[in-house]
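All remarks here apply to the structure that follows.
Just so it is clear, none of the values below were taken in a lab; they were calculated from the coordinates. Everything quoted here is computed from the prediction, not taken from an experiment. Every residue, glycine as well, gets a Cβ built from its backbone with ideal geometry; the counts of neighbours run over all protein chains shown.
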Amino acid sequence: MHPKLNAMAIVGSSLLSWLGGVHAAEETAFLGVQLVPIPEDLAAHLGNTEGAMIAEVSPESPAARAGLKKHDVVMSVAGESLKGLGALRKKIREMQPGEELLLSSRRGGETKELKVPLGSAQASPVLQPEGE
């Protein structure tokens with residue numbers, strides 16, 4: 001490995017460890033969505049302020065493979081009403097890659113129950129030059 005890249009990897013790994021004990025080899029569960037609060041007009045239309053709206057779905061992510069789309073509203077996670085954006089993040093952090101996350105989502109007037117196998121994301125990707 002190039003000396004500068006090696007130093008960056010060491011500093012990055014040390015910083016992550018200092019910030020919360022994350023190590024480069026650890027994998028975290030990954031859904032692949034960016035959530036935002038439900039806009040007031042949509043919440044009024046739905047008659048519900050709980051949940052979160054999907055602002056973005058990462059291509060090729062577990063969410064994309066499960067059929068989730070931009071503007072879908074996630075209503076519940078693991079059978080419990082979604083109370084704020086942090087609730088989904090917290091649930092995913094408690095799970096392992098490969099485990100299925102049960103979601104209730106709404107698009108238009110249709111509500112769907114989905115079982116989404118979570119993917120994995122490296123907590124700290126290490127850059128390596130080509131050929132090494």
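Observations on the structure shown:
- Projecting label points 7 angstrom from Cα along Cα→Cβ for Q96 and K70 puts them 3.6 nm apart.
- Cut-off 17 Å, label 7 Å out along Cα→Cβ of L85, residues of region 27-52 by amide N: 31-43, 49-52
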